[in-house]
Amino acid sequence: MRVHTSLSGPGHPITPHPEPLPTPVRSVPASEARALILRGAPGPLHFRGTLDLSGVTLTALPDRLSGDTLNVSGTGLDTLPENLDVGELIASGLPLTRVPASLRVRFRLTLDDCPRLTELPAGLSVGSLSVQGAVSLEALPEGLDVCFLNLSRCDALCRWPRQARVRFGHLTLRDCLSLRELPGWLTQIAQLDLSGCRGVTALPAGLRVSGWLDVAGSGLRSAPAGTPLRWRGVQITERIAFDPDSLTGAEILAERNTEVRRVMMERIGYERFLAEVAAQELDRDRDAGGERRLLRIDLPDDEPFVALSVQCPSTGRGYVLRVPPTIRTAHAGSAWLAGFDDPAAYAPVTEA
Amino acid sequence: MLYRHGDVLVQRVDTLPAAHPRPGAVLARGEVTGHSHRFRNPTQVQLYAAGTDTFVQVLSETADLIHEEHATIPLPRGTYRVWMQREYSPEAIRRVID
């Protein structure tokens, strides 16, 4: 074991336990640190590399623990120790209500799915902060300073600090259902995901989004001209986002990108799309996602458009996927999409 | 045994054909969204490339196949062939963009 001391110069003899500070810190590989912590060794302790304690049941960590990457997800810890100082901290799925003001994380702090978290320390400064699924968090701390901020599924989040910074980075607010506005201090950002933020109906006047703005299911009805737009990750035009009534079934059929076509169908609604293009139902049954329909649309001067209308069993999202015009049953359509020319060979045990 | 995870299909096979090991645990990444079909714990699987085919060996009792927008599928220990759903177009059959 290596003993680190930073004492030097006259009047500071090096001793095994010099006092007062600085205190000698044991610097050990993460594997050794893991064994020491599991034996209940006290701090200070410095580890090198990735110290993965995820899934281990822990009641406490040593004070003055420092090192590179620490993962304490799912350990059951309800508090973090004082003076924790690491490059990266992954502390997901914990019953934390707060994190100590003495916490220092240099690069990335992940506190995902900590449902009791209500408080972050004022002046928290870290490269990347993710607190998605912190469903009790109503406000962010004053003076927060980050480059990347992920607040997805923070259902209760409704207040912004008076002063904070998300410096030119990414702000993810997916499904923040209680949000009504964005803060005025947000002036420039690369990527802004407002998908599912039903209550957000306007952007701050001074905000410039240089990369993309995801508006799926948000309350926005417009965006500054020239802002690249997305709909749950899919690059779309302003017209698809904000003027879906102007889309036509024929345009959708002509769209080559399957994801854009799916968003266009979602925007005008499947019923309208299929009615507008006068689809004929060839077959109907059920699969793991629900109702499955094989539809045919005759096209002038072209072979017929035959497509399967299905729903994803995980998201419930509808898809219309084109199959060869020779397909006659919905099951044969699914089988063909999965790569089976013989429908009898297609029988998935699990679909998700 | 056939499993469908969004547009990724995974089918159990008896033997692994002549194939080269491939690093990582990602079966497919969405070209637009950046989301990926991948194994939660990369140490539980070994991927292989055999020509244009992909195979995966599950080395533990089960390995979780995950994706941001799909339910997790636990795959039992074994060898599997992996491929992507296709979609018909009059010009060419091309892979669905996830």
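The values are calculated or read from the model by the stated rules, or taken from the named source; none is laboratory data. A quick note: this is a predicted structure, and the numbers were derived from the prediction, not measured. Positions of Cβ are backbone-derived with ideal geometry, glycine not excepted, and every protein chain shown enters the neighbour counts. Quick note on the areas: whole protein, heavy atoms, side chains included, nothing else; ligands and nucleic acids left out. Shrake-Rupley method; radii C 1.70, N 1.55, O 1.52, S 1.80 Å.
Points worth noting:
- Only helices enter the 222 nm calculation for the protein assembly as shown: every DSSP H run of n ≥ 4 contributes -39,500 (n - 2.57), and dividing by all residues gives -2500 deg cm²/dmol, rounded to 500.
- Each listed q (0.13 Å⁻¹) maps to a log10 I(q)/I(0) for region A:167-217, found by the Debye formula over equal Cα scatterers with no solvent: -0.25.
- Selection of trypsin sites (Lys or Arg not before Pro), region A:233-264, meeting DSSP coil and at most 14 other Cβ within 10 Å: A:256
- Here's how it looks for residue B:71: its modeled amide H is under 5 Å from those of A:314, which are all 5 or more places away or on a different chain.
- Taking amide hydrogens as placed 1.01 Å from N in the peptide plane, the amide H of residue A:200 sits under 5 Å from those of A:219, each at least 5 positions away in sequence or on another chain.
- Rounded, prolate or oblate (a/c below 1.5 giving rounded, otherwise prolate when a/b exceeds b/c) for the protein assembly as shown by Cα gyration tensor: oblate
- Rounded if a/c under 1.5, otherwise prolate or oblate - region B:2-95, Cα gyration tensor axes: oblate
- Helical segments meeting 30 Å axial Cα length and Kyte-Doolittle 0.0 threshold in chain A (DSSP H): none
- Of all DSSP beta bridges in the protein assembly as shown, antiparallel share, percent nearest 5: 55 percent
- Chain A packed on chain B takes about 2700 Å² of accessible surface away from a 1.4 Å probe, both sides summed.
- Neighbourhood net charge (11 Å Cβ-Cβ; Lys/Arg +1, Asp/Glu -1) for residue B:38: 0
- Couplings 3J(HN,Hα) for region A:347-352, derived from phi with the Karplus relation 6.51 cos²θ - 1.76 cosθ + 1.60 (θ = phi - 60°), are 8, x, 7, 9, 10, 9 Hz, where x marks Gly and Pro.
- For region B:69-82, 3J(HN,Hα) per residue [Karplus equation, 6.51 cos²θ - 1.76 cosθ + 1.60, θ = phi - 60°, Hz, x = Gly/Pro]: 10, 10, 5, 6, 10, x, 9, x, 3, x, 10, 9, 9, 10
- Rounded accessible area per residue of chain B, 1.4 Å, Å²: 48 Å²
- Distance in nm between pseudo-label sites at residue A:254 and residue B:52 (7 Å out along the Cβ direction from Cα): 3.1 nm
- Within region A:129-231, trypsin sites (Lys or Arg not before Pro) in DSSP loop having at most 10 other beta-carbon neighbours inside 10 Å: A:162
- Per-residue Karplus couplings for region A:101-115, computed as 6.51 cos²θ - 1.76 cosθ + 1.60 with θ equal to phi - 60°, are listed in order as 5, 7, 4, 10, 10, 7, 10, 9, 10, 10, 10, 5, 6, 9, x Hz, Gly and Pro entered as x.
- Cα centroid separation - region A:79-136 against region B:35-93, whole Å: 33 Å
- Annotation: amide H-H contacts under 5 Å for residue A:43 (H modelled 1.01 Å from N, sequence separation of 5 or more, or interchain): A:63.
- Restriction of the trypsin sites (Lys or Arg not before Pro) in region B:1-68 to DSSP coil positions whose beta-carbon has at most 11 other beta-carbons within 10 angstrom yields no sites.
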